[in-house]
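**Student:** Below: one structure in C-alpha cells.
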Amino acid sequence: MIDYQQKIPNNVNLNTDKSLQRALEHWQPKFLDWWGDLGPVASKVKDVYLRTAVGVDAKGWADYGYVNMPDYRWGIFLADKVENRTIGFGDNIGKPVWNEVPGELRSQLRRIIVTQGDTEPASVEQQRLLSATCPSLYDLRNLFQVNVEEGRHLWAMVYLLHAYFGRDGREEAEELLFRHSGDYDNPRILETFNEPISDWLSFFMFTYFTDRDGKFQLKSLAESGFDPLSRTCKFMLTEEAHHMFVGETGIARIIKKTLETMQSLKTDDPDLLNKNGVIDLPLIQKYLNFWYSSSLDLFGSESSSNAAFSFANGIKGRPDEYSFEDHVCNNTTYSLDTPDGLKEIEYRNAINEITRNAYSKDCLIGIKRWNNLIRKSGFNFEFTLPSTKFRRSIGVWQDLNFNPSGEKVDSSVYTKMMSSWIPNENDKKFINSLMVRVDTPGKYASWISSPDRGINNQTTDFDYIRFN
Ligand SMILES: [Fe+2]
Ligand SMILES: [Fe+2]
C-alpha cells in the first residue's frame, strides 16, 4: 500500500534515502508552481470527483472521492518487483535486470526518460484552456483526471532522474518544467506536443491517438532491463488506459449525437447538420486524419540505428515482447516499404516501425466500433485511418506528397487538397463556435450525447465538480 502520511506519497521507501527525499521535496514546490501557472484553469472549482492511486495492484488500485485539485496527492508509485527478473530481449537476454544504470547506457537511458517525461506536462499545458468550454461536468471531471495523472507521470519520470542520474538527472528534472508546449524559444521535445488543443474534438482525438502512442512507448519501456523504469511504466499503463477510454467514448458520443440528428432530420448534409449544432462525420474524419498522422511521427524513423542500439542493449523492447518468438533478432531482416520500393533492412533497425504497426492496429479497434454505430443507424459512411505515408514529417515518407489513401499526388494538388483532408480555418471556426461551456449536472452540449454510464458507477447527472 502507498504511504499517504508522507509529504510525497510513495511506495519506494523514500524515507530511507534522506538526500533523495530532500531533493524531491525541493522539486515539489516548483512542480506546484508550474501546476498553478500552466495546469488546468480551474477558477471557482472547489472539489473534483477524482481517483487517486492507493496501491499498485490492477484490482482495486484507486480510491474515488472529492479533491480540491491543488491538494491532489501526486506521488511515486512503482509496480511490485518481480523476483529474479531477467532481461527479456537483445544481446543481454537472460542476464539479471539492472537496479542501477549501467555506465555505458547512461546517456541513452537518460534521453529516453527525459523524452517520455517531457510529453507528460506538455499535454497538460496543451489542454489548459479546455475547462472554459467543457461540454458537461462529466467531461470536465475526465479532463481534470487526465491532467492530474499526466502530472503524476511527470513525477514518475522525475523520480527516476533524481534517484538514478545524480546531478544531471536533477538538472533535467528542472528543464522538464522549463520547456513549455508551443513556446517559441523553449518548445517541448516532440512536435505533436506543441500542437495547440483548443477544442474538445481535438482533445478526444488527442487522448485516443496521442495517449495511445504513450501506451505503446510505455509498453516498450515496461520491457526494459533497467528494472525501476520497467516497474514505473507498468504502473503508468494502468492509469493510461482511462485516458484512451476518454478519447474513444468521447468520439463515440459525438458520432452518436450526429447520427441521431441525421435520423431525425433525414439528412447527411453537413451544412444542415452544422446548423443544428452537431458535427458532420466527414469533419470528424478530418480531425482524425490530423491527429493520427501527427502521432505516427512520435515513433521516429522507420529505420533507426538508435532504436537498434536500445533493443540490442536491453533498454527498450517491443510492445508485448512475450508475443514474439525471437527475442534476439540479430540475424534477421525486415522488409521495409520505402518510396523506392521494398527494402530489406536489419530487423533491429526496424523496431520503431514494428512498434508503429502495433499501434496502428490498436487504433483500428475504436474505428471499428465507431463504424458499427454508423452501420447500425443505417447510414453509409466509414471512418478510416489515413495511410501512414500521409503528412509525415519524420522518416522515409517525410515531406512527400501522399494523399490520405496513400497515393502520390502532385505538390500543387497536395497543397490545394490539404484543406479538405485536415481541418481548415473554417472548420476550426465552426468547431470552436460549438465550444460553449455546459456545467449543470446531467446537461450535455448540443454536439455530444451523454455517456452510457458515469464514473465509478455514479450516474451521468452526478455532480462530478462542485463550485465555490
Ligand atoms: Fe502520461
Ligand atoms: Fe495519458
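Every number here is computed from the coordinates shown, using simple stated rules; none is lab data. Computed from a predicted model, the values in this text were never measured in an experiment. In this analysis, Cβ positions are derived from the backbone assuming ideal geometry, glycine residues included, and neighbour counts consider all displayed protein chains.
**Student:** When Lys and Arg each count +1 and Asp and Glu each count -1, what net charge do the other residues less than 9 Å away from A122, Cβ to Cβ, add up to?
**Tutor:** It works out to a net charge of -2.
**Student:** Which of the GluC sites (Glu not before Pro) across the stretch 31-121 are loop residues per DSSP, with 14 or fewer other Cβ within 10 Å? Each step should come with its number before you reach the end.
**Tutor:** On the way: sites: E83, E100, E104; in loops: E83, E100.
Those that pass, being in a loop and sparsely packed, are E83, E100.
**Student:** Over the chain, what is the percentage of antiparallel beta bridges among all DSSP beta bridges, to the nearest 5?
**Tutor:** Taking every DSSP beta bridge with both residues in the chain, the antiparallel ones total about 90 percent.
**Student:** Over every pair of different alpha-carbon atoms in the stretch 291-330, take the mean of 1/r and invert it; report that Kirkwood radius in Å.
**Tutor:** Value: 11.7 Å, from the Cα pair sum.
**Student:** Please report the spacing between the Cα centers of the stretch 403-450 and the stretch 1-26 in Å, no decimals.
**Tutor:** Computed from Cα coordinates, the inter-centre distance equals 45 Å.
**Student:** Determine, from the Cβ-Cβ distance of K343 and R167 and an R0 of 51 Å, the FRET efficiency 1/(1 + (r/R0)^6), rounded to the nearest 0.05.
**Tutor:** 0.75
**Student:** Using Cβ contacts closer than 10 Å as the measure, can you line up C363, C233 from fewest to most?
**Tutor:** In increasing order of surrounding Cβ atoms, one gets C363, C233.
**Student:** Divide, for the stretch 181-267, the radius of gyration over alpha carbons by 2.2 N^0.38 Å, where N is the residue count. Kindly include the intermediate steps, with their values, before the conclusion.
**Tutor:** Numbers: Rg = 17.4 Å, N = 87, 2.2 N^0.38 = 12.0 Å.
That ratio works out to 1.45.
**Student:** If we sort 369-382, 140-153 on the protection proxy, mean other Cβ atoms within 10 Å, highest first, what's the order?
**Tutor:** 140-153, 369-382
**Student:** Which lysines, on any chain, are close to K7 with Cα under 19 Å apart, when same-chain ones fewer than 8 places away are left out?
**Tutor:** Partners found: K18, K30.
**Student:** Which percent of the Cα-Cα distances in the stretch 1-59 go past 19 Å? Mind dumping the intermediate values first?
**Tutor:** Working: 866 of 1711 pairs.
So the portion of pairs separated by more than 19 Å is 51 percent.
**Student:** Where the centre of each part is set by its Cα atoms, how far does the stretch 36-51 sit from the stretch 169-201, in angstrom?
**Tutor:** Between the Cα centres of the stretch 36-51 and the stretch 169-201 lies a distance of 20 Å.
**Student:** Whole-Hz Karplus ³J(HN,Hα) for the stretch 30-47, in order, using 6.51 cos²θ - 1.76 cosθ + 1.60 and θ = phi - 60°, x for Gly and Pro?
**Tutor:** Once θ is set to phi - 60°, the couplings for the stretch 30-47 become 5, 4, 5, 4, 4, 4, x, 7, 10, x, x, 6, 9, 5, 6, 6, 9, 10 Hz.
**Student:** Okay, helix-only estimate at 222 nm for the chain: each DSSP H run of n ≥ 4 adds -39500 (n - 2.57), divide by all residues, round to 500 deg cm²/dmol; what do you get?
**Tutor:** After summing the helix terms and dividing by residue count, I get -15500 deg cm²/dmol.
**Student:** Sorted from fewest to most neighbouring beta carbons within 10 Å, what does the list S131, S419, S123, S294 look like?
**Tutor:** S419, S131, S294, S123
**Student:** Can you grab the distance from the C-alpha centre of the stretch 65-114 to the C-alpha centre of the stretch 245-324, Å, no decimals?
**Tutor:** 29
**Student:** Obtain the nm distance between the two label points defined at S301 and K30 by a simple spin-label model: each point lies 7 Å from its Cα along the Cα-to-C-beta direction.
**Tutor:** Between S301 and K30, the label points sit 3.3 nm apart.
**Student:** Can you bin every Cα-Cα distance in the stretch 88-239 into 5 Å intervals starting at zero and give me the percent of pairs per bin, rounded to whole numbers?
**Tutor:** Using 5 Å bins, I get a P(r) of 2, 9, 18, 21, 18, 14, 9, 5, 3, 1, 0 for the stretch 88-239.
**Student:** Sticking with this structure for a sec: Determine one quarter of the surface area of the Cα convex hull of the stretch 14-467, which equals its mean projected area, and express it in nm² to one decimal.
**Tutor:** Quarter of the Cα hull surface area: 22.6 nm².
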